[in-house]
1. Would it be correct to say that VAL58 is within 16 Å of the ligand (Cβ to nearest atom), among the β-branched types (Val, Ile, Thr) and under 21 Å from GLY206 (Cα atoms)?
2. Would you confirm, using the coordinates I've provided, whether MET183 is out of contact with any strand residue (DSSP E or B) (no Cβ under 8 Å at 6 or more places or on another chain) and of a type in the set (A, V, I, L, M, F, W, C)?
3. Are any residues in the range 110-143 among the small types (Gly, Ala, Ser), over 28 Å from ARG342 (Cα atoms), under 26 Å from the mean Cα position of the chain (by Cα) and not in a helix (DSSP H, G or I), and if so, which ones?
4. Could you list, in sequence order, the residues of the range 233-274 that are farther than 21 Å from PRO13 by Cα and touching a helix residue (DSSP H, G or I) at 6+ places or on another chain (Cβ under 7 Å)?
5. Looking at the range 23-38, which of its residues are in contact (Cβ under 8 Å) with a residue 60 or more places away in the chain and more than 23 Å from ALA328 (Cβ to Cβ)?
6. Going by the conditions given, is ASP35 surrounded by 22 or more Cβ atoms within 10 Å (Cβ to Cβ), over 24 Å from the mean Cα position of the chain (by Cα) and more than 13 Å from the ligand (Cβ to nearest atom)?
7. Hey, could you check the range 153-173 for residues that are in a loop (DSSP other than H, G, I, E, B), out of contact with any Gly (no Cβ under 6 Å at 6 or more places or on another chain) and open to solvent by less than 30 Å² (accessible area, probe 1.4 Å) and say which is nearest to the ligand (Cβ to nearest atom)?
Amino acid sequence: MKTGIHHLYIPGPTNVPESVRRAMNVTMQDHRAPDFGALTLGLIADLKRILKTTTGTVMLYPGSGTAAWEAAITNTLSPGDKVLMARHGQFSTLWAEMAVRLGLDVQLVDVAWGAGVPVGEFARILGADRMGQIKAVFVTHNETATGVTSDVRAVRRAMDACFHDALLFVDGVSSVASLEFRMDDWGVDLAVTGSQKGLMCPAGLGILGVSPKGLMAAKTATGRRAYFEFADMIAHNADGYFPYTPPVPLLHGLRASLDRLLVEGMETVIARHTRLATGVRLAVAAWGMELCAEHRSLYSDTVTAIHVPAGVDARDVIRAGYARYNVAFGSGLAQLAGQVFRIGHLGDMNEGMCLTALSLAELSLAEAGAKIDFGSGVAAAQAHYAVAQAGAPELQTPDLRIAAE
Ligand SMILES: Cc1ncc(COP(=O)(O)O)c(C=O)c1O
């Protein structure tokens, strides 16, 4: 019997605010009713504001982020097309595996799990591709497995510097609505996200922003698609309808979550994520532990992946937290299993929630055998939260690899 509230600090699904939960508690509706379309049209208009696009087309697929990955690929690329991707964590790895399964010729750049997208290497490869054989460049904006945010704008610059006209695909599943994301400014052609992270809803919607160039590519791409066909979605979406049955309660939830984000203001939302994440990182520094992210320029403001000390199994930290303290932390995925645990600090979060996460992490770490001064991380984060205010410049997080040496 677990009492009290469950503390959810995985990097998605994130905590759903009460107003969003209540908004989803609706009687079932006719999704072909004459007045239904207005709901979808409003969502699409506001998602464009979140993605920062005026020229893009937004589509909502019943599914998850993975569905939006697949919709993006199958509609705009053809089997045999060469694409450039990097593997630097579990999600970039899965996207590359999907691309292979869908018949693309994937040129992979493998870098350490903890590194960012290798912009220099991408620039070299694109510069050497004089015949323009590479049809798309893929970027995982925020690698949720490692807590690494990559520089999408720098990839766009590298593409422009050599006049490369490949499509730019960006996975924003754990960045959109939490970190700065500028679809038009960065020249993103396919922007992918899902409903269950920054958008604070349950999973169930794969969300896609498509540039005019992406729509053009869809006219000739021969990737096999049926459920995900852009043309069907666009035709129905024109009046706010869907080619099939949409998850109506979830659409109402998304309406409420977009209202929250737009009232708070995206600049404030982004600053809040930075402020909260900085406190978490300062706590990790106080524990004397290292982050998975290789450099401070890569630190993610939505999720922190923490290396446990030698001799400690990160799975024990997660198990102890779950069993004794009713808390869920993210696990180390694939090759990071046992080595890292992750604290998700995105979505409907505040200082109190982060401090709870840190305090329960201290207890869980201790139970798993780590040497920890109780309160050290909590105090470091408190010291930051006490002075950091919305709009104030952030403290520099120390480089946690160097700090730990
Ligand atoms: C960066 C990233 N990409 C893709 C996915 C897959 O999204 P979904 O689980 O919604 O299919 C995730 C899920 O956590 C993710 O974090």
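The values are calculated or read from the model by the stated rules, or taken from the named source; none is laboratory data. Just so we're clear, the structure is a prediction, and the values are computed from it rather than from any experiment. Cβ placement follows ideal geometry from the backbone for every residue including glycine, while neighbour counts extend to all protein chains displayed. The area values use the complete protein model at the heavy-atom level, side chains included, leaving out ligands, DNA and RNA. Shrake-Rupley method; radii C 1.70, N 1.55, O 1.52, S 1.80 Å.
1. Answer is no for this residue.
2. Considered against the rule, which asks whether it is out of contact with any strand residue (DSSP E or B) (no Cβ under 8 Å at 6 or more places or on another chain) and of a type in the set (A, V, I, L, M, F, W, C), MET183 comes out as no.
3. ALA136
4. The answer is ASN237, ASP239, GLY240, TYR241, PHE242, PRO243.
5. Matches in the range 23-38: ALA23, ASN25, VAL26, MET28, GLN29, HIS31, ARG32, PHE36, GLY37, ALA38.
6. Values: surrounded by 22 or more Cβ atoms within 10 Å (Cβ to Cβ): no; over 24 Å from the mean Cα position of the chain (by Cα): yes; more than 13 Å from the ligand (Cβ to nearest atom): yes.
Against the criterion (surrounded by 22 or more Cβ atoms within 10 Å (Cβ to Cβ), over 24 Å from the mean Cα position of the chain (by Cα) and more than 13 Å from the ligand (Cβ to nearest atom)), ASP35 does not qualify.
7. GLY172
Yes/no matrix, rows are residues, columns are (1) assigned to a loop (DSSP other than H, G, I, E, B); (2) surrounded by 20 or more Cβ atoms within 10 Å (Cβ to Cβ); (3) modelled with pLDDT of 95 or more:
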position	(1), (2), (3)
PHE341	no, yes, yes
ASP348	yes, no, yes
ALA370	yes, yes, yes
ASP373	yes, no, yes
TYR385	no, no, yes
GLY391	yes, no, no
ALA403	no, no, no
